[in-house]
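The values are calculated or read from the model by the stated rules, or taken from the named source; none is laboratory data. Values in this document were obtained by computation on a predicted structure and should not be read as measured data. For neighbour counting, all protein chains shown are included, and Cβ atoms are generated from backbone atoms with ideal geometry for every residue, glycine included.
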């Protein structure tokens, strides 16, 4: 019999819970034996009291045990890699990383999620491609990774169901923003999906969950520890999200930018992060190469067109059209002009992300429909010189009224100063 009330009280009082009791609480909740109101109380106790590293690992393992697991490496006879981001504005990194890594001969299988709030979602981006199937059976998923080298799908309902239930509860009880719960949620899905090596992109700053480098470092260390205890290779990249990543914010716009980057024509900051992630993944793979060689191979795959060839095979294998002219286009394009000349000293990621959501590119609630065509393309980023009257950004909107409102929000995201602004790299730190 689960002693939920007693466990809630013990955690409320700051005790460390025994492994078996914590495991049974989570599995009992997944089976419907522990009601929402008790699990909500437990989450709030954890929010204020925290979990020890051991408890965090036990929670992660329990959530994995609540559903199916995939042995990707066993099925393919290869070391399979994966990449995950904690979410940000303009973050389409997985779309470019997957085909580049696969073109280098390393299988990458990824289960992704949808966007909520100002952060974008990989599945939403991919669903802007006509015909693309985000739902594959596990057998189809594994077969595609074997044959094409990569697949990106939605999380199946049988994989870590306890996490889905728990996250939904946390979302409506103001307990999402707790380090151990975030780490366990992310890593339970990554570990259950079967990759043996994982690169985690932990966003830092205005447009991220983690607002400070210190908080991001703590989260990265917690996730790296969970991976190590599970026998996986994990490296965490702490990356800048004080401004949007790349130039495009909005689903079809981000797909186009990812494809441009796979072709070697992407924005500098986005290209740098993509190549950093690829180098780390190739170094963690079974190719037995270092990071420098991994980066060289990634750059070569972009330069010789093999990465783009994998992109086309991957999209077509999942039912999509690889012809970018088929992507949806917004009927209105509205330019945002610089009010003064100078240097961009700040470009607030949150403001740009919110503007994109209000255009229809993101969700305010889980049931909102997505407009895949709308969004924002940024022509000037932090440190860039701008001239008065010339475009800072272009709004892609459904109508003129929506475009004007978004233009006001995007303009408010910019701060322009007379003095030059020092450069800040997109990769801030590496953990693991």
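Could you check how many residues of the stretch 154-165 are at pLDDT 85 or above and under 19 Å from the mean Cα position of the chain (by Cα)?
5
Would you check if residue 215 is under 23 Å from residue 80 (Cβ atoms), surrounded by fewer than 23 Cβ atoms within 10 Å (Cβ to Cβ) and in the same structural domain as residue 86 (by TED's automatic domain parsing)?
Here the answer is no, as residue 215 does not meet what is asked.
Return yes or no: is residue 113 surrounded by fewer than 19 Cβ atoms within 10 Å (Cβ to Cβ) and free of Cβ contacts under 8 Å to residues at least 60 places away in the same chain?
yes
Condition check: in contact with a strand residue (DSSP E or B) (Cβ under 7 Å, 6 or more places away or on another chain), touching a residue at least 40 places away in the same chain (Cβ under 8 Å) and under 30 Å from residue 333 (Cα atoms). Does residue 266 satisfy that?
Here the answer is no, as residue 266 does not meet what is asked.
Could you list, in sequence order, all residues of the stretch 228-256 that are surrounded by fewer than 24 Cβ atoms within 10 Å (Cβ to Cβ) and assigned to a helix (DSSP H, G or I)?
If the condition is that a residue be surrounded by fewer than 24 Cβ atoms within 10 Å (Cβ to Cβ) and assigned to a helix (DSSP H, G or I), then 228, 229, 256 are the ones that fit.
Got a number for residues in the stretch 178-215 being over 22 Å from residue 69 (Cα atoms) and touching a residue at least 40 places away in the same chain (Cβ under 8 Å)?
Of the residues in that region, 13 qualify.
Mind listing whichever residues of the stretch 130-150 are touching a helix residue (DSSP H, G or I) at 6+ places or on another chain (Cβ under 6 Å) and in a loop (DSSP other than H, G, I, E, B)?
130, 132, 134, 149
How many of the residues making up the stretch 87-106 are surrounded by fewer than 24 Cβ atoms within 10 Å (Cβ to Cβ) and modelled with pLDDT under 95?
The qualifying residues number 1.
Okay, residues lined up against (1) in contact (Cβ under 8 Å) with a residue 12 or more places away in the chain; (2) over 24 Å from the mean Cα position of the chain (by Cα); (3) surrounded by 14 or more Cβ atoms within 10 Å (Cβ to Cβ); (4) not assigned by TED's automatic domain parsing to the domain that holds residue 410:
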| position | (1), (2), (3), (4) |
| --- | --- |
| 298 | yes, no, yes, yes |
| 303 | yes, yes, no, yes |
| 308 | yes, no, yes, yes |
| 311 | yes, no, yes, yes |
| 316 | no, no, yes, yes |
| 336 | yes, yes, yes, no |
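Can you tell me how many residues within the stretch 257-296 are in contact with a helix residue (DSSP H, G or I) (Cβ under 9 Å, 6 or more places away or on another chain), surrounded by fewer than 18 Cβ atoms within 10 Å (Cβ to Cβ) and not in a loop (DSSP other than H, G, I, E, B)?
4
Got a sec? Which of 140, 135, 147, 127 is surrounded by fewer than 19 Cβ atoms within 10 Å (Cβ to Cβ) and within 19 Å of the chain's Cα centre (by Cα)?
135
Taking the stretch 177-192 only, how many residues are assigned to a helix (DSSP H, G or I) and either out of contact with any strand residue (DSSP E or B) (no Cβ under 7 Å at 6 or more places or on another chain) or over 14 Å from residue 84 (Cα atoms) (or both)?
Count: 10.
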